[in-house]
Every structure is written in C-alpha cells, then in structure tokens.
Amino acid sequence: MLKDRFMPVRREALWFLATKRPDVASQPLRSALLDSHISMRDTARHFLTLAGVDSARAFYIEAVRTSADKQRPTAIRGLGETGEKTDVELIATHLNSNSTKTRRAAAYAIGKLDTEGQLEKLTGALSDTKSSVSREALKALLPKARHVPLDDLEKMFANEADFHIRHNALALISHADKWKKVPALLKACADKEIRLAEQAAQALRAWSANYNSSFAEPTHEDFRKISRGLSQFETYLPNGFAAELRACLKIYFK
C-alpha cells in the first residue's frame, strides 16, 4: 500500500503505520517526507519524532544538498513548505538546473517562501522554455501581479517567445493596476496569434464588468497612452468597448 500509485492509499497506509505500528514506521515516514505528493509530505511531518527527525526544515536542507537527482525536486518542494526566506539562496541555484522537474520545484518553493522579494527570479522563470516551469512561476506571481514591472511583461509579450510565455505574461498584465494595463491590452487585441488576441479581449471585457470595483483614477500619462492605443487598435477591440472607454476617460479628462 505504501507503494501504491494512488495517493490516498499511500496516505492511509502511512497513517496506520504511524498510529498503530510506530515501531516500524520510522523509515516509511522518512521516505514519505520526500514523496512527490504534498499530502504525503504533510502527513509525514505530523510524525517527525517517530521518523527520528528534529526539524523538517533541516531535513529538507540536507536533502536538497545531498539527495540524488530523482529526489531533489521533492526535497526542494518540502523546503519551500517548511523553510524560511533565507533558504531562497539555496533553492534559487536550482532555477538553472538541466532538470525541468527541478526548475519547476524551485519556482514553486521560492513562491512559497518569498514571492515579493524574488520577483526578478520568478519573472525570469516565467520565460522558461518549458511550459510547466513557466506556469509554476505564474502561479507564484499572480497574487503579486501588481508588483511585477509592467514594462518587463510587455517586452516579454512583444518578443518572439513561445506561446506559453506570452500567454503567461499577458495573464499577469491582465492583473496589473486598473489603468496601467489598458494600453498593453489594447495592443494585445491586435496580436497575430488569435488565442492571445482573444485572451486580451476577454481581459478588457472583465475590466469593463469590474470597472466600479475600483476607484483608481487615470493619470495624464495613462490618458495619453490609452488614447494612442485607441487610435491604433480600435478596430480590433470588443464591440462597443472603445466608446465605453472614451466615455470613462471623459469623466476625468474633459
């Protein structure tokens, strides 16, 4: 049961050993601390004393440094779940690993420990050639999207990067400040990639629907950029959006 591919079966077996047969639970618990599934790692961490582990954080730090390549990604994830901000330095070295799983685990762990302090590293991971790594960075960055430099995201979206990179950059742009993101979204509606153009159009429709949820006011610079975007890309915008946006701007700039 401890080797079953179905996680609930492994977890039930581990819980039984820890509560009913603690005399033979030590090694299975230590192995479960490095299980690929977070629920198994979390369950094992309930029984650190039985596993002969004083500190989950110390266990994972050692595992990150000494584990075989196959186990290192789960060790990194475990450190992200139990570590401190100071552990980011150790984890970040693995963002350049040749292993996709290791880079993805590093992005996950950094996101758990210090997203706001590591925006540059996570934005770099957003540009990873493997979609799973980029997606992990996106999940970490989304709650802090307004802190990610918009210029960096626009450059990432504008270049000839892979579709998944541009898709994820546009997703973050869509979560930027209310007025700052509009010029980039207007331009994205004219993108040659239909899926990205529709993604941008959907973001503008969401902006319109949620307009009254924020009382943020546009600056003169926002007004200039939006006006320029409207003149260039109006024909690509959702039906009626250009007129609606102009009406909104007139409230502030008559």
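Among the residues of the stretch 168-179, those that are without any contact (Cβ under 8 Å) to a residue 40 or more places away in the chain, assigned to a helix (DSSP H, G or I) and touching a Phe, Trp or Tyr at 6+ places or on another chain (Cβ under 9 Å) comprise Leu170, Ile173.
Every residue in the stretch 85-99 that is loosely packed, with under 14 Cβ neighbours inside 10 Å and under 19 Å from Ser55 (Cβ atoms), please. If you could, list the steps in order and put the result at the bottom.
Pass one, the stretch 85-99, residues loosely packed, with under 14 Cβ neighbours inside 10 Å: 85-86, 89, 93, 96, 98.
Of everything in the stretch 85-99, those that are loosely packed, with under 14 Cβ neighbours inside 10 Å and under 19 Å from Ser55 (Cβ atoms) turn out to be Lys85, Thr86, Glu89.
Of the residues contained in the stretch 112-122, none is found to be more than 16 Å from Asn168 (Cβ to Cβ) and outside any helix (DSSP H, G or I).
For (1) in a helix (DSSP H, G or I); (2) in contact with a helix residue (DSSP H, G or I) (Cβ under 8 Å, 6 or more places away or on another chain); (3) in contact (Cβ under 8 Å) with a residue 40 or more places away in the chain; (4) under 23 Å from His164 (Cβ atoms), each residue gets a yes or a no:
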{"position": "Lys187", "(1), (2), (3), (4)": "yes, yes, yes, yes"}
{"position": "Ala197", "(1), (2), (3), (4)": "yes, yes, no, yes"}
{"position": "Phe223", "(1), (2), (3), (4)": "yes, yes, no, no"}
{"position": "Leu230", "(1), (2), (3), (4)": "yes, yes, yes, no"}
{"position": "Cys248", "(1), (2), (3), (4)": "yes, yes, no, no"}
{"position": "Lys254", "(1), (2), (3), (4)": "no, no, no, no"}
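Going by the structure shown, is Val182 touching a residue at least 60 places away in the same chain (Cβ under 8 Å) and surrounded by 22 or more Cβ atoms within 10 Å (Cβ to Cβ)? Yes. Glu154 falls short of the stated requirement of being out of contact with any strand residue (DSSP E or B) (no Cβ under 9 Å at 6 or more places or on another chain), part of a loop (DSSP other than H, G, I, E, B) and either at pLDDT 95 or above or not basic (Lys, Arg) (or both). Hey, among the residues in the stretch 154-179 that are in contact with a Ser or Thr (Cβ under 8 Å, 6 or more places away or on another chain) and either over 17 Å from Gly229 (Cα atoms) or not basic (Lys, Arg) (or both), which one's surrounded by the most Cβ atoms within 10 Å (Cβ to Cβ)? Out of the qualifying residues, it is Asn168. Screening Arg146 on (1) part of a helix (DSSP H, G or I); (2) at pLDDT below 95; (3) more than 14 Å from the chain's Cα centre (by Cα); (4) surrounded by fewer than 14 Cβ atoms within 10 Å (Cβ to Cβ) shows it passes everything except condition (3).
Exactly one residue out of Thr49, Thr74, Thr82 is farther than 21 Å from Leu142 by Cα, at pLDDT 95 or above, of a type in the set (S, T, N, Q) and surrounded by fewer than 18 Cβ atoms within 10 Å (Cβ to Cβ), and it is Thr49.
The values are calculated or read from the model by the stated rules, or taken from the named source; none is laboratory data. Since this is a predicted model, take the numbers as computed values, not measurements. For neighbour counting, all protein chains shown are included, and Cβ atoms are generated from backbone atoms with ideal geometry for every residue, glycine included.
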